[in-house]
2 protein chains.
Amino acid sequence: MQSSGQDRRIVIGVDLGGTNLRIAGITREGDVLHLRREETRADAGPKDLLERLVTGLLGVEEELTESGWEVLGASLGVPGVISRRRGVVESSPNLPGWKKIHLLRRLRRSVSLPLLLENDANAAVFGEYWAGAGKGKSTMVLLTLGTGVGGGIIIDGRLLRGADGMAGEIGHLTVEREGLPCPCGNRGCLERYASARGISGRYLDLCGGSAPGMPAEGSAEAAWVHSLAREGDRMALRAFREAGIYLGIAMAAIVNIVNPEAIIIGGGVLPAWDLFMPSAREEMMARAFQAPAESVELLPAALGDHAGFIGAAGLLWKEIPSAA
Amino acid sequence: MQSSGQDRRIVIGVDLGGTNLRIAGITREGDVLHLRREETRADAGPKDLLERLVTGLLGVEEELTESGWEVLGASLGVPGVISRRRGVVESSPNLPGWKKIHLLRRLRRSVSLPLLLENDANAAVFGEYWAGAGKGKSTMVLLTLGTGVGGGIIIDGRLLRGADGMAGEIGHLTVEREGLPCPCGNRGCLERYASARGISGRYLDLCGGSAPGMPAEGSAEAAWVHSLAREGDRMALRAFREAGIYLGIAMAAIVNIVNPEAIIIGGGVLPAWDLFMPSAREEMMARAFQAPAESVELLPAALGDHAGFIGAAGLLWKEIPSAA
């Protein structure tokens, strides 16, 4: 028997990322219980990953039930183009072979819980809003500076999805009209300047195209440039400062168009906050309208890698009436 | 007695613009009745304008009542910074002397109707959504290319106001990082390139700084450049084409960030649609994500000068339960 007044209900949140598969129980307060993490190993194909996803889901469900929790459902954040209503992963650049996978239908063969599917970037922004740095705000924007630049927007407590579920792609805002070409087809996207790859690429440029000792992969490169900046390397410091200027142009656009209470910055570049944020803030203040620029709070993300599965669970919690 | 099934209720909409004061009855279907228009003559000061506003409101109310309508309230669109809840016009660049005017409190001395106050750009976008080109859409954006560039955003049928009521300022999106200085303090704002003033200014530049016969005022200048373009003037054609390119950069940003069903273009530049829209569309398609760019409809505004007072009335209608 559960003690009176204490909610023993719980929701399972899943983050099916390109690198890691994370599954955990999430309370209505956003607390994380029985977190499981394993490598996604997407190369092994959809069938293998689906089997491990089912195993993980049932495993966490069993652990939670044994600990006296009532599991109400499971909610999954998945990268790529998602049909939420039909529960289908249409395509996913980070999950090779995932083309028109009827994910929820296939999970229902083995899992008897109510299920929800959401794009992982949307899940992450909802997580920061619901249980992270945006707690208590109603209109906010998340920018994730990682390998690329992700984004998401909350308006009056609701995810801005747009007509096709494609809203919030702030990483592909043009910040330099004739700028660097972006894989998305545009030129001068924010992502090309303020992502880990953008920053390390700019550092390489500033060094004349050669930086001995730089690791070969985007996010590791940026961490390496970050460590050089901490040692006082002027080119490394400049690379972060310039990234901040472009970030500031984008933040000014967000301030003038959305007028949010907060812009929250997350992702792998976050530890370099003090290296890019002064120039970003200065550029934003110079470009945006004064009143909304002065009122917007610039905050570091609070949930790190957990934002995706916490937010996925939060989206399901939102649909469940409070009190048992 | 009203005939059964026919709604004889009506709302008065007011557009208190810098040039014209418009007052009319608006049915729940968005039809306009008993429209009064007079010059604002804002130079005569707030007291004079307030008196004429009261006279106009009471006059339209009387006419509607005599025609058998039940007037439910009046809703005003006013340019500038508005405190909606307190009914105060904080400041208005287009209405000299309007500083912290308690507009609704002062109107209530003479007008016994329920009153609503809204920013005029917000009223206009709601008008196009409710009864104009955006009818039937739920997420849409309005861009008004006039003396300046105004904007407004509807998300799921609701005005996006933002934390301080300052959202939707798409005219001040940076489209050229080191571009022309804008009175707002930024550089390279859309407004500097795609407004009537921006287009005529660019034409003047292309002509080497001198264009004999050009009238002296912004919107008249643009109409004059428009007429030259119709005669085949290559510099005039180029000025509109270039404005379209910058408009397309901004539309791509809107598509990637908001993913609306429609972008609606209004304002005094609208008659030149075929001169700027091909380059705008091309630029948008080249820069935005394919799916949302292909799904967005680009539409000319339908209500013209009437959008403001129709939309103001629509915002009040939205708060009134349907059926008498």
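Read-outs: derived from the displayed coordinates by stated rules, not from any lab. Small disclaimer: the values here were computed from a predicted structure and weren't measured. Glycine gets a Cβ as well: all are built from the backbone with ideal geometry, and neighbour counts include every protein chain shown.
Key figures for this structure:
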| read-out | value |
| --- | --- |
| Spread of Cα-to-Cα distances over 10 Å intervals beginning at zero, given as percent, for the range A:271-324 | 18, 29, 26, 21, 6, 0 |
| Residue order, fewest to most surrounding Cβ atoms within 10 angstrom, among B:274, A:48 | B:274, A:48 |
| Using alpha-carbon coordinates, inclination of helix A:234-258 to the longest axis of chain A, degrees | 60 |
| GNM top mover of B:65, B:27, B:40 - chain B, alpha-carbon springs below 10 Å | B:65 |
| B:273, A:69 arranged by Cβ crowding within 10 Å, fewest neighbours leading | B:273, A:69 |
| Neighbouring partner chain Cβ atoms per residue of B:186-196, average, 10 Å criterion | 1 |
| Cut-off 16 Å (backbone N to label point 7 Å along Cα→Cβ of residue A:20), residues of the range A:35-69 | A:35-42 |
| Distances in nm from residue A:29 to the matching label points in the other copies, shortest first (labels 7 Å along Cα to Cβ) | 5.7 |
| R0 of 35 Å, Cβ-Cβ distance residue A:320-residue A:290: FRET efficiency to nearest 0.05 | 0.25 |
| Ranking of A:60, B:149 by count of other Cβ atoms within 10 Å, fewest first | A:60, B:149 |
| Whole-number percent relative contact order across chain A, with pairs defined as alpha carbons under 8 Å at least 6 apart | 19 |
| Cα pair distances of the range A:136-301 binned at 10 Å [whole percent] | 11, 41, 34, 12, 2 |
| Angle between chain B longest axis and helix B:120-131 axis [Cα atoms, degrees, rounded to 10] | 80 |
| Innermost chain A residue relative to the axis carrying A onto B, by Cβ distance in angstrom | A:155, 3 |
| Protection-proxy order for peptides B:187-195, B:306-314, A:293-301, each taking the mean of Cβ atoms within 10 Å per residue, highest first | B:306-314, B:187-195, A:293-301 |
| Copy-to-copy label separations for residue B:238, where each label sits 7 Å from Cα toward Cβ, in nm and ascending | 3.6 |
| Dmax and Rg, reported as Rg then Dmax, of the range B:13-133 (C-alpha, Å) | 13.7, 39 |
| For the protein assembly as shown, the spread of Cα positions along each principal axis, largest first, Å | 74, 68, 40 |
| Angle between chain B longest axis and helix B:46-66 axis [Cα atoms, degrees, rounded to 10] | 60 |
| Whole-Hz ³J(HN,Hα) from phi, Karplus 6.51 cos²θ - 1.76 cosθ + 1.60, for the range B:182-198, glycine and proline x | 10, x, 6, x, 7, 10, x, 5, 3, 4, 6, 10, 10, 8, 3, 5, x |
| For A:149-159, mean number of other protein chain Cβ atoms within 10 Å | 2 |
| Compactness of chain A, expressed as Rg and Dmax over alpha-carbon positions, Å | 20.4, 68 |
| Whole-number percent relative contact order across the range B:136-301, with pairs defined as alpha carbons under 8 Å at least 6 apart | 24 |
| Average other protein chain Cβ within 10 Å of Cβ, residues B:250-263 | 6 |
| Using a 7 Å Cα-to-Cβ projection, residue A:55 label spacings across copies, nm, ascending | 8.5 |
